[in-house]
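The values are calculated or read from the model by the stated rules, or taken from the named source; none is laboratory data. Everything numeric here is computed off the predicted structure, so don't read it as measured data. Note: ideal-geometry Cβ built from the backbone for every residue, glycine included; neighbour counts use all protein chains shown.
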Amino acid sequence: MAERLQKIIAQAGIASRRAAEGLILEGRVTVDGQIITELGGKYDSSRHKICVDGKPLTFTENKVYYLLNKPKGYLSTAKDERGRRTVLDLLPEVKERVYPLGRLDNNTEGLLLISNDGDLMNGLLHPRYKVNKTYVARVAGIPTEKALDKLRQGIKLEDGMTAPAVVQLLETADSEAKVASPAFSSAPCPCC
């Protein structure tokens, strides 16, 4: 069955779909000996010889899934060009090529799903599927209803407005509060 080249590369565990697009644009992918540099081509991995950096793709049906409680100080990525610690550094025993499904900020802790299942990753993260995510943040001080209303209307960031958020105050203690915000994957978390 013909599928987009970046999807085939992701299924082989070489890179995420987005990273596979970069490999294609960089001219590092060949199909039947021809260098491919344009996105959108569809191929059948059982009929075409697809190589990345000269190495033929091999496919494994062994899908793996890990739940990781990410601590602060680790990036939610497979590798970092600046040599910073990533969540995969916490999983040295994992032999498969896996990727975090989603992101948490470096200074944030929380649950991450890590897998080599590209279809699952796409289904959870692509905005068209509108998979609900809930963010819980502990904040300094106790936000007023007026402050929460600003989040509910959307706030302006350097790169534009956030989507309006559903925000609720979960609990307060001393001089901090815990707030929750369910958000769709197509919008950044407005409260963190």
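Tally up the residues in region 85-119 that are in contact (Cβ under 8 Å) with a residue 12 or more places away in the chain, over 14 Å from the mean Cα position of the chain (by Cα) and over 25 Å from Val166 (Cα atoms), please.
Here the count works out to 7.
Do we have Glu61 as more than 25 Å from Pro127 (Cβ to Cβ) and modelled with pLDDT under 90 here?
yes
Could you list, in sequence order, all residues of region 1-56 that are under 26 Å from Leu101 (Cβ atoms) and among the acidic types (Asp, Glu)? Working first, answer last.
Taking region 1-56 and keeping what is under 26 Å from Leu101 (Cβ atoms), we get 1-26, 28-29, 39-43, 45, 50, 52-53, 55.
If the condition is that a residue be under 26 Å from Leu101 (Cβ atoms) and among the acidic types (Asp, Glu), then Glu3, Glu21, Glu26, Asp53 are the ones that fit.
Pick from Leu90, Leu68: which is at pLDDT 95 or above and either under 18 Å from Asp117 (Cα atoms) or among the basic types (Lys, Arg) (or both)?
Residue meeting the stated conditions: Leu68.
What's the number of the only condition in (1) under 30 Å from Tyr99 (Cα atoms); (2) in contact with a Leu (Cβ under 9 Å, 6 or more places away or on another chain) that Glu145 fails to meet?
(1)
Among the residues of region 120-140, are any surrounded by 10 or more Cβ atoms within 10 Å (Cβ to Cβ), without any contact (Cβ under 8 Å) to a residue 12 or more places away in the chain and not polar (S, T, N, Q)?
Yes, region 120-140 has at least one match.
Any chance region 41-58 includes a residue that's surrounded by fewer than 17 Cβ atoms within 10 Å (Cβ to Cβ), small (Gly, Ala, Ser), under 22 Å from the mean Cα position of the chain (by Cα) and modelled with pLDDT of 90 or more?
Checked region 41-58: no residue is surrounded by fewer than 17 Cβ atoms within 10 Å (Cβ to Cβ), small (Gly, Ala, Ser), under 22 Å from the mean Cα position of the chain (by Cα) and modelled with pLDDT of 90 or more.
Mind listing just one residue for me: the one in region 59-101 that is β-branched (Val, Ile, Thr) and touching a Ser or Thr at 6+ places or on another chain (Cβ under 9 Å) and, of those, surrounded by the fewest Cβ atoms within 10 Å (Cβ to Cβ)?
Val64
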